[in-house]
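Working notes, beginning with the structure itself.
The values are calculated or read from the model by the stated rules, or taken from the named source; none is laboratory data. Note that the structure is a prediction, hence the values are computed from the model and not measured. Cβ atoms come from the backbone with ideal geometry, glycine included; neighbour counts cover every protein chain shown. Heavy atoms of the whole protein, side chains included, go into the accessibility calculation; ligands, DNA and RNA do not. Shrake-Rupley method; radii C 1.70, N 1.55, O 1.52, S 1.80 Å.
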Amino acid sequence: MGVTNESLDAEEMKRRKALAYLLGIGEIEAGDTSLKGRLSIIAQLKAARKIEIARGHAGSWLYDVNRHLNICAFLRREYEALEEMIAAEAGEAAPSSGAIARSAFDKRISRAGRP
């Protein structure tokens with residue numbers, strides 16, 4: 001029971017449409033998975049997040065917490081995809097963000113037990 005091309009294509013189409021809607025860009029630009037394309041998407045997501053944060057701090061009626069959360073979620077996914085792309089080019093396995101967080105958590109626990 002592996003991942004089929006159809007489900008992969010469906011996920012990619014879902015990603016493209018969501019990014020296009022969220023950032024107000026074309027689906028072709030949202031579908032660019034090259035290094036340059038990913039960096040462009042990350043820059044646009046960071047700018048959109050900054051705008052949402054400013055709206056929230058200002059108390060603007062335009063602020064949408066769900067949009068803010070979606071931007072943060074897509075930003076995290078794009079960073080993870082970028083890490084995987086860089087690791088694949090380097091020929092090594094990239095540690096996931098969860099693994100990094102778990103190792104940092106383990107260090108905090110081990111330090112807490114010390115006198």
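Structure data summary
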| quantity | calculated |
| --- | --- |
| All positions within segment 64-79 that are open to solvent by less than 40 Å² (accessible area, probe 1.4 Å) and either free of Cβ contacts under 8 Å to residues at least 12 places away in the same chain or on the phi > 0 side of the Ramachandran plot (or both) | A73 |
| Scope segment 80-107; condition part of a helix (DSSP H, G or I), open to solvent by 50 Å² or more (accessible area, probe 1.4 Å) and either more than 28 Å from E52 (Cα to Cα) or modelled with pLDDT of 95 or more (or both); matching residues | I86, A88, E89, A90, R102, S103, F105, D106, K107 |
| Residues located in segment 21-42, provided they are assigned to a helix (DSSP H, G or I), open to solvent by 60 Å² or more (accessible area, probe 1.4 Å) and small (G, A, S) | none |
| Tally, over segment 14-71, of residues that are of a type in the set (A, V, I, L, M) and over 16 Å from the mean Cα position of the chain (by Cα) | 8 |
| Number of positions in segment 43-57 that are among the charged types (D, E, K, R) and either surrounded by 14 or more Cβ atoms within 10 Å (Cβ to Cβ) or farther than 11 Å from I71 by Cα (or both) | 3 |
